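Since every read-out is calculated from the coordinates, none of them should be taken as a lab result. Everything numeric here is computed off the predicted structure, so don't read it as measured data.
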Amino acid sequence: MKKIKNILVALALPCLFTGAADRAYAQTKGGAAMAITITSKAFTDGGMIPREYTCDGSNVSPALSWTGVPEGAKSLALICDDPDAPMGTWVHWVLFNIPSSADGLPGAIPPDKTLKNGAKHGINDFRKYGYGGPCPPGGTHRYYFKLYALDTELALAPGISKEALLTAMQGHILAEGRLMGKYKR
């Protein structure tokens, strides 16, 4: 029995470390792993997202800050989604062509198709432009804010889906980072 436990532990350890290694890293074109660090004054990584930023509150986007955008980045893209949704991953926010010089986003970003800084909104799974806050049907859900540094500005129109953005970003990601918050109704 002890031998079986040791085998199970040996098999489980790589799974534990895979999640940590997967956490916010991308291969650059040069082959070195680079990470962007994303933070929010509204919540800590792994912490609870305040009600204000959800469908139960004001439903406004939280302010985000980041560091570690590599030189050579031409634009940034942001995706926020919930992998715990009952029907599969639910997309809460798609924003791309954020200027690479930006070191964050203020809170309460308007749902305009194109922002003053040139960034463009995609469509979320609420079928709207802009941010749609956490609104889980039950239980505690995780919400991942993922930021990508790209070596290009994307020639895409506002209103694209997360899938279309991910396809357009293939081969252009220099670095990435993520921030995860939780919410329970």
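Points worth noting:
- Added length on full extension, which subtracts the Cα-Cα distance from 0.36 nm per residue, Ala102 to Arg127: 6.3 nm
- In region 25-184, the DSSP beta bridges split such that about 95 percent are antiparallel, to the nearest 5.
- Full extension of the chain segment joining Lys41 with Lys184 gains 49.6 nm, where the gain is 0.36 nm per residue of separation less the Cα-Cα distance.
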